[in-house]
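Beneath this line is the structure, given in C-alpha cells, with notes to follow.
The values are calculated or read from the model by the stated rules, or taken from the named source; none is laboratory data. Please read all numbers here as calculations on a predicted model, not as lab measurements. Backbone-built Cβ (ideal geometry, glycine too); neighbour counts: all protein chains shown.
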Amino acid sequence: MKGKVLVGMSGGVDSSVAALLLQKSGWDVVGCTLRLHLDDPSFPPREGGCCSFQDVQDARRVCYALGIDHFVFNFTELFEQKVIDNFVSEYAVGRTPNPCIRCNRWLKFGAMLRRAEELGCDAIATGHYAKVQQGPDGRWQLYASPYGKDQSYVLYSLTQKQLAHTLLPLAALPKPKVRSIAQEAGLPVAQKPDSQEICFVPDKDYAGFLCRHNGHDSTPGDFVDAKGHVLGRHRGLTHYTVGQRKGLGIAFGQPMYVTRLDTAQNQVVLGPEGSQYSRSLLADDLNWVSIPAPETPLQVQAKIRYQAKPASALASIQPDGTLLLHFAEPQRAVAPGQAVVLYDGDLLLGGGTIVKGIKE
C-alpha cells in the first residue's frame, strides 16, 4: 500500500476516474465532497456541475461502486468568506474576478488538505488536468497538461506545501480516455456533462447574482468615450467587463468595446476597434510556483484568461513588488481582477492578479 489519499469528489467523471486510478495503483483511497454553497431553489437541477446536492449524491454513488468511504465536508461559511465575498467586492470596484482560483487555493487544496491531515492521509488528490513534479532542487513544480484539456491556469496560486501533498492522476490522460476508463469501469457518472459555469451562478448571470446578493441592482450611469464625452446610458457597472462588445444595449454605428470601468464616476468607458488592446499589464498578489521570484527580467509565455493562448512577453519585478509584463504583441481585453499566469513551455512559473492594462 502506497499510503492513504483523500480524493476530492465533485460528482463528475474526472474526479471519479482519479479515485479509480489511485485505487488501482495501490493507494488507500478515501473520497470526500465539499459542500460549498446551498442550492438556489429558483434554478432547476443541473446535469453537469459541482457542489450541488445532486453532485454529492453522484459522488456517493461512485464511492459506493469503488468500495471506499465517502465524507461530506461543510465548507459553506469558509466559501462565503474566501470566494463569494471576494467575488462581490471585486465587482463592486470594477474588477472581474476568477472565483475558481480562490476556491482551489483556500478550499480544495487548503481546507481539504487540513481535513486530510486530520484523517491521517498522506496526500490529497483531484481530477484536475495538470502535472505536479518535484524538481532537482527540491522545489515542487507545476506543469500544464499536454493533452488538450489543461487546468494548470487555475492552480497557479497553490503553495509549495499544497503541491507537496497533491496527486493529480489525470496529468497524462486526454479527456476522451478518461471517459472511456469510466465507461469500462461501469462508473455511474461516465457520461455526465462537464461543468461549464461558476458553481454558485448556474445561469451565468453574474449581474443577477450580485443583485440578489446585495439586495439591489447596480446604479445606472453614462457610457463615455476616452475623452469623457457622454455616449449614452448604461444599466450598471456589474453588467459589463473589459473587452465586452455585445450586450451594450445601444447602437453606435460601429463596433464599440468596453475599455475601462470607472467606479469613481460610475462610467463605462468605450472605444472603437483597437482600443481594447494593451501592450503591457501590471499585476500584483504574485505567487511563484516552480521557480523563485526572478531577480532579472524573464522571457515568458503569459495567459491573461483561462482560454487564452499563451503570448510571448517580458516579465520584470518592479521595486514595489508588482509584476510588469510587456507583450511582444498587443493583447485584447486585459481585464483587471483576472489572473495572468506565466509559463516556460509547459512549466508553470507563477502568476498574479491583473491590476491594469497599459496601452503603450
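Within region 112-157, track down each residue that is outside any helix (DSSP H, G or I) and within 22 Å of Phe71 (Cβ to Cβ).
Leu119, Gly120, Cys121, Asp122, Ala123, Ile124, Ala125, Thr126, Gly127, His128
Taking the stated definitions as given, is Arg235 touching a residue at least 12 places away in the same chain (Cβ under 8 Å), surrounded by 14 or more Cβ atoms within 10 Å (Cβ to Cβ), more than 23 Å from the chain's Cα centre (by Cα) and not assigned by TED's automatic domain parsing to the domain that holds Ala130?
Taking the combined requirement at face value, the residue satisfies it.
For region 261-298, enumerate the residues that are surrounded by 16 or more Cβ atoms within 10 Å (Cβ to Cβ), β-branched (Val, Ile, Thr) and out of contact with any His (no Cβ under 7 Å at 6 or more places or on another chain).
Answer for region 261-298, where residues must be surrounded by 16 or more Cβ atoms within 10 Å (Cβ to Cβ), β-branched (Val, Ile, Thr) and out of contact with any His (no Cβ under 7 Å at 6 or more places or on another chain): Val269, Val289, Ile291.
Using beta carbons and a limit of 9 Å, which pairs, at least six apart or on different chains, have the first residue in region 67-87 and free of Cβ contacts under 8 Å to residues at least 12 places away in the same chain and the second one surrounded by 16 or more Cβ atoms within 10 Å (Cβ to Cβ) and in a helix (DSSP H, G or I)?
Close Cβ pairs satisfying both conditions: Gly67/Gln23; Gln81/Trp106.
Quick test for you: out of Val300, Val258, pick the one residue that is assigned by TED's automatic domain parsing to the domain that holds Leu342, in a strand (DSSP E or B) and under 25 Å from Ile354 (Cα atoms).
Val300
Of the numbered conditions (1) under 30 Å from Ala172 (Cα atoms); (2) in contact with a helix residue (DSSP H, G or I) (Cβ under 9 Å, 6 or more places away or on another chain), Ala315 satisfies every one except a single condition; which is it?
(2)
Is it the case that Val258 is buried (at least 16 other Cβ atoms within 10 Å of the Cβ), aliphatic (A, V, I, L, M), closer than 20 Å to Asp217 by Cβ and touching a helix residue (DSSP H, G or I) at 6+ places or on another chain (Cβ under 8 Å)?
Taking the combined requirement at face value, the residue does not satisfy it.
Please identify the pairs in which a residue from region 247-263 that is free of Cβ contacts under 8 Å to residues at least 40 places away in the same chain has its Cβ atom under 9 Å from the Cβ atom of a residue that is β-branched (Val, Ile, Thr) and surrounded by fewer than 15 Cβ atoms within 10 Å (Cβ to Cβ), counting only partners at least 6 apart or on another chain.
Filtered contacts from region 247-263: Met256/Ile250.
Among the residues of region 150-170, is there at least one that is at pLDDT below 95, in contact with a helix residue (DSSP H, G or I) (Cβ under 9 Å, 6 or more places away or on another chain), outside the structural domain of Gly345 (by TED's automatic domain parsing) and not polar (S, T, N, Q)?
no
Which is of a type in the set (A, V, I, L, M, F, W, C) and free of Cβ contacts under 8 Å to residues at least 24 places away in the same chain, of Ala283, Ala302, Ala311?
The unique qualifying residue is Ala311.
Checking Arg212 against (1) among the basic types (Lys, Arg); (2) assigned by TED's automatic domain parsing to the domain that holds Leu34; (3) under 25 Å from Leu248 (Cα atoms): exactly one of these is not met. Which one?
(2)
Of the conditions (1) part of a loop (DSSP other than H, G, I, E, B); (2) over 9 Å from Ser280 (Cα atoms); (3) in contact (Cβ under 8 Å) with a residue 60 or more places away in the chain, Glu360 fails just one. Which one is it?
Single failed check for Glu360: (2).
From the residues in region 316-335 that are under 22 Å from the mean Cα position of the chain (by Cα) and within 28 Å of Ser145 (Cβ to Cβ), which one is surrounded by the most Cβ atoms within 10 Å (Cβ to Cβ)?
Applying the filter and picking the extreme gives Val334.
Hey, can you tell me all the residues within region 149-170 that are crowded, with 20+ Cβ neighbours inside 10 Å and hydrophobic (A, V, I, L, M, F, W, C)?
Result: Val154, Leu155, Leu158, Leu163, Leu167, Leu168, Leu170.
If we scan region 82-105, do we find a residue that is part of a strand (DSSP E or B) and among the basic types (Lys, Arg)?
no
Checking the condition within 24 Å of Ala293 (Cβ to Cβ) and among the aromatic types (Phe, Trp, Tyr), which residue from Tyr156, Tyr129 passes?
Sole residue among the options that is within 24 Å of Ala293 (Cβ to Cβ) and among the aromatic types (Phe, Trp, Tyr): Tyr156.
Report every pair of residues separated by at least 6 positions or lying on different chains whose Cβ atoms are under 6 Å apart, first residue within region 198-227 and within 22 Å of Tyr257 (Cα to Cα), second among the small types (Gly, Ala, Ser) and not in a loop (DSSP other than H, G, I, E, B).
As it stands, the answer is Phe223/Gly232; Ala226/Gly271, since those pairs meet every condition given.
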